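To start, I am sharing the structure in question, which I have written as structure tokens.
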Amino acid sequence: MSHHTLDATRLLCPLPVIRAQNFIATLNPGDTVDVICTDPGAKNDIPAWSRINGHEIIGSKDENNTIVITVKVVGNR
């Protein structure tokens, strides 16, 4: 298991979710990734995408117009 960071700042919907989807597809079950965004829609979009695809949101914070959503990869491959 390893931890990763994905910079999706300055991207607007739907790009943060698409970038997260493509990045998570390269990871192994149990890996985690901090998706860093500035698009406020990502606060809802990434958790919704994660639920649909069976991944787990293990953390979320919103500070100074930057959103960090931590996703745990579950059964990716």
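Top to bottom by accessible area (1.4 Å), largest first, where do 58, 69, 36, 52 land?
52, 58, 36, 69
Let me ask something else about it. What does the net charge come to around residue 3 if you take all other residues with beta carbon closer than 15 Å to its beta carbon, with K and R at +1 and D and E at -1? Numbers along the way, then the final one.
On the way: positive: 72; negative: 7, 31, 34, 56.
Spelling it out: positives minus negatives among the neighbours equals -3.
Residue by residue, what Karplus-based ³J(HN,Hα) values in Hz, rounded to whole numbers, does segment 8-15 have, using 6.51, -1.76 and 1.60 with θ = phi - 60° and x for Gly and Pro?
10, 5, 6, 9, 9, 3, x, 4
Taking amide H atoms as placed 1.01 Å from N in the peptide plane, list the residues 5 or more away in sequence, or in a different chain, whose amide H sits under 5 Å from that of residue 39.
So residue 39 has HN proximity to 10, 11.
Still on this structure, I have one more. Which order do 18, 24 take by accessible area at a 1.4 Å probe, largest first? Numbers along the way, then the final one.
On the way: 18 75, 24 0 Å².
Most to least solvent-accessible, the answer reads 18, 24.
I need the shape label for the chain. Rule: rounded when a/c is under 1.5, else prolate if a/b > b/c, else oblate, with a, b, c from the alpha carbon gyration tensor.
Numbers: a/c = 1.73, a/b = 1.57, b/c = 1.10.
Cα axes put the chain in the prolate bin.
Now a separate question. Taking H as built 1.01 Å from N, whose amide H comes closer than 5 Å to the amide H of residue 4, not counting residues under 5 places away?
Those lying under 5 Å, H to H, from residue 4 are 32, 33, 34.
Find the relative contact order for the chain and round it to a whole percent, using C-alpha pairs within less than 8 Å whose residues are 6+ positions apart.
36 percent
Turning to a different aspect of this structure: Please turn the phi angles of segment 46-63 into ³J(HN,Hα) values with the Karplus equation 6.51 cos²θ - 1.76 cosθ + 1.60 (θ = phi - 60°), one per residue in order, whole Hz, x for glycine and proline.
Result, ordered by residue: 5, x, 5, 4, 4, 4, 4, 9, x, 8, 10, 8, 10, x, 7, 9, 10, 9 Hz.
For the chain, what is the mean residue ellipticity at 222 nm derived from helices alone (per DSSP H run of n ≥ 4: -39500 (n - 2.57); sum divided by total residues; nearest 500 deg cm²/dmol)?
-8500 deg cm²/dmol
List, in order, the whole-Hz ³J(HN,Hα) value for each residue of segment 23-37 obtained from phi through the Karplus relation with A = 6.51, B = -1.76, C = 1.60 and θ = phi - 60°; use x for Gly and Pro.
For segment 23-37, the Karplus curve yields 5, 4, 4, 8, 9, 9, x, x, 5, 10, 9, 8, 9, 9, 10 Hz.
The values are calculated or read from the model by the stated rules, or taken from the named source; none is laboratory data. Because the structure is predicted, anything quoted here is derived from the model rather than measured. Methodologically, a virtual Cβ is constructed for each residue, glycine included, from the backbone with ideal geometry; neighbour enumeration extends over all protein chains shown. Side chains included, ligands, DNA and RNA excluded: accessible areas come from the protein's heavy atoms. Shrake-Rupley method; radii C 1.70, N 1.55, O 1.52, S 1.80 Å.
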